[in-house]
Amino acid sequence: MGEDGHYFPRKDTQAYRLLELVAVCGEFPAEQVYRLAGSISYKDTVTWLLKKERLLRVYYRDGLRGYRLGRRARTVLLSDNPERFSFYLTGNVDTNLLKSEVTRRIRLHRIAEVYVAMLNAGVAIFRDEKPRVFAPDGTLQGKPEGAAFYSSREVKETGIEAVKIKGSRMAGVLLSPDGVFLTYNSGPYMAKWDYRAEQRAKAWMQVTLCGGNAGLGYAPEDVCGLLFGDSLEPFCQILSGADSGARCFFLLDGSYGHFYYLTNDHKGEVMLRLLCDRDRREELDRILSQGLCAGNPGGTIENDALDGNGDPVLFGYLPDIPRIHRFCSALQLQERHGTLICFDFQREVLERWWHLRPSVLRSLKGGFTRRYEKDMEDHDSRAGGPAGGAVCGRLSGAVYRELRSLETGGRHSGGRDFPSGDFPRIYGLPACGGHAALWDLRHFYLHRAAGSAAGHGHADGVQRCRGI
């Protein structure tokens, strides 16, 4: 109870976290509550209680349903932590003086979806948890210790300089230890780009964050793009339209060396956590590279490794739009074979885009190392390729915990049920026909089933990596 005898949730409770999110977003889309930690019934109870106490109010118009703060909730939050909330709950700003226009509300909902993804991935979003990077007087409090997200309005704190990014559709900027990501959210639709406005935004960010006086340690090539969407369909449409009149020049013409696509769900949050953690990505790449040859950075086709036949292998589990497009276009032009590694929930879209033949997949279970060799001999005799030797390795504790969170749905911020049937597995897709390898992360193990490519066999072997 508050000092006036009325109910108000304690800090570090789910109810208080929901009020914090609504305060930062201005209007929080009602359908996004399911992405927060806790069971569905518990979150329904929390929202019901907050509405009953008039701490939250529902605003419904033009088919959009959102939550807005009640008057008492605004007063208490500003009193408890003005450093965190005064930026959003005071002054003539969209998050304070809420409008009814559908375009403004959609904009608030899109930014709220990005906030949820960042929060669930462990990225700092609150102003008292991150240094001020975009300050009007040009002062810099230092580089964030971890990953931090700055909304477009925080970016525009720089003052008159921010006029250079007018017209950009970015929701904000994600600063990670090794990269700057201009962040966009297209929701269920294909994003529409103002090419010159987005180019100005990128150039301004390079000057602001990568200049000699910035002191953040970023290089111009560290400025990348990050696009969120409600499903992988827009990702498929972007790649499918590469050779048509609907080509998205902004994403495919080389303006960005890297532009990642993530979904607005738990899978996207897991990918975002990997994107912000170089050590975990390098560990996962090391695991996937076992049994493969070292990549050729100077090759004519972009690659992360080479298979036993010298064909390129690309690790595409973090969907990088221009990189995947360059890889597959080069394979097609040179009429070569290659392998694209992806998670299972990305596989269908990539196969549909590239019209790939279904891979020969086999999940291997049972004992350790040599016990697999007979299974592999049987499998390879049917696939038409020679059997490979078995190798084994161990996952580091950090990767093991990440894989465990993938299967159980547990998150550092609380955890949520994640159906085991949707648990991401890593597949190898043949980019020009033939059979593919399978990387299966289920049950904390990594298996790889070797196959044979069309016209020539593979001797990739099998590996099983066991967590500590």
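The values are calculated or read from the model by the stated rules, or taken from the named source; none is laboratory data. For clarity, every value in this text was computed on a predicted model and none was experimentally measured. So basically every Cβ, Gly included, is an ideal-geometry build from the backbone, and we count neighbours across all protein chains shown. Areas reflect the complete protein model, heavy atoms only, side chains present, ligands, DNA and RNA absent. Shrake-Rupley method; radii C 1.70, N 1.55, O 1.52, S 1.80 Å.
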Please note which helices (runs of 4 or more DSSP H) are completely contained in the range 243-344 and include at least 1 residues that are of a type in the set (D, E, K, R), open to solvent by less than 10 Å² (accessible area, probe 1.4 Å) and out of contact with any Phe, Trp or Tyr (no Cβ under 7 Å at 6 or more places or on another chain). 266-275
Condition (residue is closer than 20 Å to residue 104 by Cβ and not in a helix (DSSP H, G or I)) applied to the range 30-51: is it met by at least one residue? no
Contact list, first residue from the range 27-46 and more than 14 Å from residue 114 (Cα to Cα), second anywhere and in a helix (DSSP H, G or I) and open to solvent by less than 20 Å² (accessible area, probe 1.4 Å), beta-carbon distance below 6 Å, six or more apart or interchain, is 43/33; 46/15
Taking the range 278-303 and the residues there that are among the charged types (D, E, K, R) and free of Cβ contacts under 8 Å to residues at least 24 places away in the same chain, the one that is farthest from residue 261 (Cα to Cα) would be 286
Name the single residue, out of those in the range 90-106 being free of Cβ contacts under 8 Å to residues at least 60 places away in the same chain and in contact with an Asp or Glu (Cβ under 8 Å, 6 or more places away or on another chain), that is nearest to residue 169 (Cα to Cα). 104
Which one is modelled with the lowest pLDDT among residues in the range 190-204 that are surrounded by fewer than 20 Cβ atoms within 10 Å (Cβ to Cβ) and of a type in the set (Gly, Ala, Ser)? 191
Select from the range 32-67 the residues that are over 30 Å from the mean Cα position of the chain (by Cα) and open to solvent by 20 Å² or more (accessible area, probe 1.4 Å) and list them in ascending order. 48, 49, 51, 52, 53, 54, 57, 61
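Results for (1) open to solvent by less than 70 Å² (accessible area, probe 1.4 Å); (2) hydroxyl-bearing (Ser, Thr, Tyr); (3) closer than 18 Å to residue 130 by Cβ, shown as yes or no for each residue.
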{"position": "180", "(1), (2), (3)": "yes, no, yes"}
{"position": "183", "(1), (2), (3)": "yes, yes, yes"}
{"position": "188", "(1), (2), (3)": "no, no, no"}
{"position": "229", "(1), (2), (3)": "yes, no, no"}
{"position": "233", "(1), (2), (3)": "no, no, no"}
{"position": "236", "(1), (2), (3)": "yes, no, no"}
Note: among 314, 275, just one is under 22 Å from the mean Cα position of the chain (by Cα), modelled with pLDDT of 90 or more and under 22 Å from residue 259 (Cα atoms), namely 275
I'd like to know if the range 246-269 contains one or more residues that are without any contact (Cβ under 8 Å) to a residue 12 or more places away in the chain and not charged (D, E, K, R). yes
Selection within the range 103-130 - hydroxyl-bearing (Ser, Thr, Tyr) and open to solvent by less than 20 Å² (accessible area, probe 1.4 Å): 115
